[in-house]
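Below: the structure, in structure tokens.
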Amino acid sequence: ATLTEKSPYKHQSNVICSFLRLDLLPAKNGEEVTKHFLQELLNILLAYISKSLNRSSKVLDFHHPHQLKEGLEGFSLELQDQPDNLEQLLVDCQDTLKYGVKTAHPCFFNQLSTGLDIIGLAGEWVTSTANTNIFTYEIAPVFILMEDIIFKKMHSIIGWSEKEGDGIFCPGGTMSNLYSVLLARYHFFPRVKTAGMLALPPLALLTSTHSHFSIKKSAAVLGIGSESVFLVKCDERGKMIPKELESSIRTAKSKGLVPFYVNATAGTTVYGAIDPLNDIADICERFGLWMHVDAAWGGGLLLSKRHRMKLQGIDRASSITWNPHKMMGVPLQCSVILVQKKGLLQECNQLCAEYLFQPDKHYDVSYDTGDKSIQCGRHVDIFKLWLMWKAKGSEGFESQVNHCLENAEYLYYKLKSRKDFQLVFQSQPEHSNVCFWYLPTSVRNMPPGPERDRELHMVAPKIKAKMMEEGMTMIGYQPLGDKVNFFRCVFSNPATQKEDVDFLLDEITRLGRELYS
Ligand code: ABU
């Protein structure tokens, strides 16, 4: 298959079909070929974006791994010794998008990060074109200052004073949470940086049963051990129970461990639950523990006057994870760790590599922020966020967040009124997660008990499999604790409207009836 056969922009493709990569810039007189190549690519991207937002187009064109590996209609993943021409590369770009998942589609409900913000996309292009690292002011002066501005903005939204607050962008929420454990440990036991584990007593971390797996992973990665993580019980809505936290702290102590860190979640991955932050902060203060808030998902709510009250007490955290690539819709990836104590990130992580962080540079080297990071090379994640903030203002983010929560509310009330669906918990969700079972008639007629649970456990995976084969919508499912597989619908795509919520329920019902008739 060639681009000429497939592309809606075939009249342009013949311009480049005989050219190779070496004809592009920096080749002498390479501007024309480069321009045609990039324009044709832009046409492909525009067609893809329009299709992604077209409700009658599919969310995905599913193929099994072996089918993609074997190659489809001229799309081969194999690499060869001879170079392909530019036309083939464009076809490859087009096919890569064709066989991927349209996460910008209004009916993609599968993940916490959805949608495609055009300004954010432009930001990502500019970032890639600048193609710089962000360890020093020397090579990223504008981006480093933008980071500074955004951190100040986030600190003030959280409620930290101007004298407080620091931060660093990192690749995803798991890494942000890893930083929080690293910092807390260094704060209490600074010798660990040089002396390692020998400088430590046996430690304990506390987090809720509904919290993200990254807390356990951090304990494993940092040599503390996943068994040192105490999982604190939650109520039926997935919120940590403060009394249980206190009792887990005492249990850890009675086992000879030294608790030092509590993770409170603002927006759990499955239920979207927000832990009682003030109560947890009181306990942390009383026991002298580091309080981290994993607001990877819930941080966006801080931008809404209507919803920010739900995170009351977040200003008392020692550190906070916040993922603008989730609720704020910034293109992946965009995640920060925010730290209340200024200077701690630098102290904990700096190694002063002399080839990068020379102290005798001719500018203010406090702007060489890269040594705060555990990475060396770091992708510039700031620009798309900064540009989006410019384009929307804080008010634009606020209405985006409100819109997503209105969609969740709409789905919640729809489900409440239906006999063929059952909410996993009855009260209105705090975030945009709505968790529910679809009940085929056969299951609805069964008495509660293990047999019904066994049947119900299989419903969501069966429907999801058919849903992916047909490709018109996508939603996630999982079991949780003693709850058998249920659907989790999440809203973060501003393009999603109530008609898409209706469509999702119609699709689940249609597929369910086909499977269980
Ligand atoms: N880091 C949590 C992302 C999970 C999700 O998108 O469903």
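A few comments on the model shown:
- A straight line joining the Cα centroids of the range 86-102 and the range 131-197 runs 37 Å.
- Over 30 Å (Cα to Cα) - which of 361/390; 416/466; 305/341; 153/414; 305/384; 152/233 fall in this group: 361/390; 153/414; 152/233
- In terms of other Cβ atoms within 10 Å, 247, 427, 318 run from fewest to most in the order 427, 247, 318.
- Rounded FRET efficiency, nearest 0.05, which uses the C-beta distance separating residue 513 from residue 482 and R0 of 30 Å: 0.60
- Label-point separation in nm, residue 353 to residue 41, each point 7 Å along Cα→Cβ: 2.7
- Segment residue 227-residue 391, extension gain: residue separation times 0.36 nm, minus the distance between their alpha carbons: 54.5 nm
- The phi torsions of the range 56-71, fed into the Karplus equation with coefficients 6.51, -1.76 and 1.60 and a -60° offset, translate into couplings of 7, 8, 6, 6, 8, 10, 6, 9, 6, x, 5, 5, 5, 5, 6, x Hz, rounded to whole numbers, with Gly and Pro shown as x.
- Rounded to whole numbers, the Karplus 3J(HN,Hα) couplings from phi for the range 153-159 are 4, 5, 4, 6, 5, 5, x Hz, using 6.51 cos²θ - 1.76 cosθ + 1.60 with θ = phi - 60°, and x at Gly and Pro.
- Coupling constants for the range 386-391 follow from the phi torsions by the Karplus curve (6.51 cos²θ - 1.76 cosθ + 1.60, θ = phi - 60°), and in residue order they are 4, 5, 5, 5, 4, 6 Hz; glycine and proline get x.
- Three-way shape call for the chain based on the alpha-carbon gyration tensor, with the a/c threshold at 1.5: oblate
- The range 135-215: C-alpha gyration tensor shape, a/c 1.5 cut-off, then a/b vs b/c: prolate
- A cut-off of 5 Å between modelled amide H atoms, ignoring neighbours fewer than 5 places along the same chain, links residue 170 with 335, 336, 337.
- Remark: 489, 348 ranked as 348, 489, counting other beta-carbon atoms within 10 Å and listing the fewest first.
- Stretched out straight at 0.36 nm per residue, the stretch from residue 243 to residue 189 would grow longer than its current Cα-Cα span by 16.7 nm.
- Spacing of the modelled spin labels on residue 85 and residue 66, each 7 Å from Cα toward Cβ, amounts to 3.5 nm.
- Whole-angstrom gap from the range 355-422 to the range 23-65, using each part's C-alpha centre: 26
- A simple spin-label model places pseudo-atoms 7 Å from Cα toward Cβ; at residue 75 and residue 25 they are separated by 3.0 nm.
Just so you know, all these numbers are worked out from the coordinates, no wet-lab data involved. Everything numeric in this text was worked out from a predicted model, so none of it was measured. Positions of Cβ are backbone-derived with ideal geometry, glycine not excepted, and every protein chain shown enters the neighbour counts.
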